[in-house]
1. Please verify whether the stretch B:82-89 includes one or more residues that are under 28 Å from A:Val31 (Cβ atoms) and assigned to a loop (DSSP other than H, G, I, E, B).
2. Got a number for residues in the stretch A:62-111 being in contact (Cβ under 8 Å) with a residue 40 or more places away in the chain and facing another protein chain (nearest Cβ under 9 Å)?
3. Kindly list the number of the only condition in (1) of a type in the set (Val, Ile, Thr); (2) open to solvent by 50 Å² or more (accessible area, probe 1.4 Å); (3) more than 19 Å from A:Ala16 (Cα to Cα) that fails for A:Ile94.
4. When both residues are 6+ apart or on different chains and their Cβ atoms are under 7 Å apart, which pairs have a first residue that lies in the stretch B:28-48 and is closer than 18 Å to B:Tyr10 by Cβ, and a second that is of a type outside the set (A, V, I, L, M, F, W, C) and open to solvent by 60 Å² or more (accessible area, probe 1.4 Å)?
5. I'm told A:Phe74 meets every condition in (1) crowded, with 18+ Cβ neighbours inside 10 Å; (2) of a type outside the set (Val, Ile, Thr); (3) assigned to a loop (DSSP other than H, G, I, E, B) except one. Can you identify the failing condition by its number?
6. Condition check: exposed (fewer than 15 other Cβ atoms within 10 Å of the Cβ) and on the phi < 0 side of the Ramachandran plot. Does B:Gly107 satisfy that?
7. Could you count how many residues in the stretch B:49-77 are touching a residue at least 40 places away in the same chain (Cβ under 8 Å) and away from chain A (no Cβ under 14 Å)?
Amino acid sequence: AQSVSQHNHHVILSEAASLELGCNYSYGGTVNLFWYVQYPGQHLQLLLKYFSGDPLVKGIKGFEAEFIKSKFSFNLRKPSVQWSDTAEYFCAVIRTDKLIFGTGTRLQVFP
Amino acid sequence: EAGVAQSPRYKIIEKRQSVAFWCNPISGHATLYWYQQILGQGPKLLIQFQNNGVVDDSQLPKDRFSAERLKGVDSTLKIQPAKLEDSAVYLCASSLTRGRTDTQYFGPGTRLTVL
């Protein structure tokens, strides 16, 4: 069973548009959630993570994500994207001490 | 701080050949991971080491894949013999400990093409 679902496979935006990428996970209990980003030609790097506490998590480069337990969601947001945000974004969850990734969302931002 | 190093960056082989990948984690990181990322999918954990011991290899196809981390630092992942479906990017990652809150740092990956 798929533990992490990212329904947007490819998103195309113009600069200054707002961004929201969906992420849903499929099991209950304590959750540790992550968003990773992979810029073209670069390695995967951590954008932000949620373990407990404030469900609104701030990450690097102006990104944030909100954990909504009742919806099993951890959507990534940015109010105004830049061309440099063009990348692939992966949501991930810790399950049985393993990091389980979604299939990724490819974001293209045009100037 | 130096990141996770991997080599080679690219490898092309024919099916039934063997191939090996090398990973050098961040200095001081006790935990090392190998992931397989097939095109269009997210990375999938193959094996996890804590120092030089295997913690989890439940998703490693052991009939053809093997991995070792003999001195608790560098690691090698081997495929023998390779199949077409092994074409993927092989990622190495490391973290300070096994803790759920520890961030995993990823290397650039090795892109394997099996013809």
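The values are calculated or read from the model by the stated rules, or taken from the named source; none is laboratory data. Keep in mind it's a predicted model, so treat the numbers as computed, not measured. All Cβ positions, glycine included, derive from the backbone under ideal geometry; neighbour counts span all protein chains shown. For accessibility, only protein heavy atoms count, side chains too; no ligands or nucleic acids. Shrake-Rupley method; radii C 1.70, N 1.55, O 1.52, S 1.80 Å.
1. Within the stretch B:82-89, the first condition is being under 28 Å from A:Val31 (Cβ atoms), and the residues that meet it are B:88-89.
Checking the rest, the ones that are also assigned to a loop (DSSP other than H, G, I, E, B) come to none.
The answer is no; no qualifying residue exists.
2. Count: 10.
3. (2)
4. Hits for this filter: B:Tyr35/B:Lys44; B:Gln36/B:Lys44.
5. (3)
6. Working: exposed (fewer than 15 other Cβ atoms within 10 Å of the Cβ): no; on the phi < 0 side of the Ramachandran plot: yes.
Spelling it out, it is not the case that B:Gly107 is exposed (fewer than 15 other Cβ atoms within 10 Å of the Cβ) and on the phi < 0 side of the Ramachandran plot.
7. Pass one, the stretch B:49-77, residues touching a residue at least 40 places away in the same chain (Cβ under 8 Å): B:50, B:55, B:72-77.
Still in the list and also away from chain A (no Cβ under 14 Å): B:72-77.
Of the residues in that region, 6 qualify.
Every residue, every condition in (1) within 14 Å of chain A (Cβ to nearest Cβ); (2) at pLDDT 95 or above; (3) buried (at least 19 other Cβ atoms within 10 Å of the Cβ), yes or no:
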residue: B:Arg9; (1), (2), (3): yes, yes, no
residue: B:Glu14; (1), (2), (3): no, yes, no
residue: B:Ser18; (1), (2), (3): no, yes, no
residue: B:Phe21; (1), (2), (3): no, yes, yes
residue: B:Leu32; (1), (2), (3): yes, yes, yes
residue: B:Leu39; (1), (2), (3): yes, no, no
residue: B:Pro43; (1), (2), (3): yes, yes, yes
residue: B:Thr103; (1), (2), (3): yes, no, no
